[in-house]
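Notes to accompany the following structure.
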């Protein structure tokens with residue numbers, strides 16, 4: 001396998017070499033030989049073992065050429081001290097010696113030396129040994145850099161995974177209260193607390209099945225829950241498509257509002273559009289149920305106004321609720337609606353574009369609603385049949 005890529009890696013950066021020798025002439029000769037190799041080496045000199053340790057710790061070199069015979073700390077001692085420091089674990093150390101005794105070489109290897117260069121120096125041998133050791137050092141540095149990059153990437157990945165898990169948990173929680181599309185939009189918009197208490201102008205729709213109480217007492221649980229499942233599935237699909245906020249199911253009834261938590265400039269039209277679609281879906285369900293001997297019909301009430309919105313409940317269970325006279329009015333309108341009929345308050349009706357008003361609407365008529373002082377003007381849309389029992 002070629003070492004060319006590693007050689008390019010070595011050449012691509014300037015390598016720092018530390019020459020340690022207590023004899024000035026020997027230091028100068030070795031330094032000159034290294035510079036004469038024309039490899040772009042940066043060469044620093046130290047005149048003793050103590051000075052060598054200080055220089056190496058000040059700036060870790062890429063390779064150290066260390067004389068063995070020195071008066072203060074000899075080369076073996078310096079080598080041993082450097083190897084005891086993890087900062088020099090991968091720094092090649094070459095012992096420079098005029099000795100040729102095998103015992104000294106063994107002693108040098110035991111101290112942690114990587115190679116030996118004998119005096120007098122042979123240029124080609126010096127070149128080959130240094131380049132070989134620097135290739136190993138370059139590979140070590142490359143692997144270390146990749147390891148650090150991988151650690152940084154892993155840390156970033158962990159942060160991203162934790163962030164995404166947090167978003168998934170937040171999305172799952174929001175989907176308990178809002179449509180999937182609305183919940184995803186809230187997460188993407190970064191609203192940290194969409195359930196905080198606040199005031200908002202909203203449109204409110206109540207829906208309730210007429211004749212359900214008698215039906216529930218007359219059938220078994222499987223039939224009862226089957227009918228409710230059909231009702232909720234049909235109405236839920238329409239609510240999600242119109243991007244309404246479903247506050248709650250009340251058995252055979254439900255409450256939806258618009259313009260919160262995401263503003264909807266056309267919330268009045270959206271609410272009416274949903275009410276009309278639910279009215280049409282209710283008529284289809286009524287026909288299906290009649291074919292099975294069940295007489296049920298859907299009544300709807302629609303109103304608009306300002307409400308207080310936010311989370312209600314306790315730590316183990318919370319709901320997102322709209323509280324105010326607008327919700328009470330919509331609930332009372334729904335209670336007065338006949339099977340298949342939609343009752344619309346005058347306030348919402350006046351805010352509708354003329355082109356959006358249902359052609360079969362009748363009114364206004366004055367209607368007394370429970371819990372609301374005086375008669376209120378109301379528009380009827382849909383069925384003219386007699387009311388059915390709730």
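No lab work stands behind these numbers, since they all come straight from the coordinates. Remember, it's a predicted structure, so these values are computed and weren't measured experimentally. All Cβ positions, even for glycine, are placed from backbone atoms using ideal geometry, and neighbour counts span all protein chains on display.
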Item checked: Acute angle (nearest 10 degrees) that the helix 24-36 long axis makes with the longest principal axis of the chain, alpha-carbon atoms -> 60
Check: Using the alpha-carbon atoms, what tilt in degrees (0 to 90, nearest 10) does helix 180-189 show relative to the longest principal axis of the chain?
Finding: 50
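Using the scaling law 2.2 N^0.38 Å as the reference, what is the normalised Cα Rg of segment 197-382?
Normalised Rg, Cα atoms only: 1.01.
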Check: With each label point set 7 Å from Cα along the Cα-Cβ vector, what nm distance links residue 360 and residue 164?
Finding: 5.0
Margin query: Please compute the length gained on full extension between residue 32 and residue 240, using 0.36 nm multiplied by the number of residues separating them and subtracting their Cα-Cα distance.
Written below: 66.7 nm
Check: Here are several values of Kirkwood radius over Cα pairs in Å: (i) 21.7; (ii) 28.1; (iii) 23.2. Which one was derived from the coordinates shown?
Finding: (ii)
Check: Label points 7 Å out from Cα along the Cβ direction at residue 217 and residue 291: separation in nm?
Finding: 3.0
Margin query: Quick check: the distance between the Cα centres of segment 63-93 and segment 222-288, to the nearest angstrom?
Written below: 81
Margin query: Under the 0.36 nm per residue contour assumption, what length would be gained going from the current alpha-carbon distance of residue 143 and residue 225 to full extension?
Written below: 23.1 nm
Next item on the list: Can you tell me the 0 to 90 degree angle between the C-alpha axis of helix 102-111 and the longest principal axis of the chain, rounded to 10?
Entry: 30
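Would you calculate a helix-derived [θ] at 222 nm for the chain, using -39,500 (n - 2.57) for each DSSP H run of n ≥ 4 and dividing by the full residue count, to the nearest 500?
Value at 222 nm, helices only, nearest 500: -15500 deg cm²/dmol.
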Checklist line | Residues 349, 153 arranged by fewest to most Cβ contacts within 10 Å | finding: 153, 349
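Neighbouring Cβ atoms within 10 Å as the yardstick, rank 21, 104 fewest first.
Taking fewest neighbouring Cβ atoms as first place, the list is 104, 21.
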Next item on the list: Starting from the Cα of residue 57, step 7 Å along the direction of its Cβ; do the same at residue 283; then give the gap between the two resulting points in nm.
Entry: 9.2
Next item on the list: List 137, 119 from most exposed to least, where exposure is judged by having the fewest other Cβ atoms within 10 Å.
Entry: 119, 137
Checklist line | Packing rank of 123-134, 238-249, 217-228, where each peptide gets the mean count of other beta carbons within 10 Å, highest leading | finding: 238-249, 123-134, 217-228
Margin query: Report the gain in length on full extension from residue 153 to residue 196: 0.36 nm times residue separation, minus Cα-Cα distance, nm rounded to one decimal.
Written below: 11.9 nm
Notebook entry, point to check: Quick one: what Rg and Dmax do you get for segment 270-318 from the alpha carbons, in Å?
Noted result: 16.7, 45
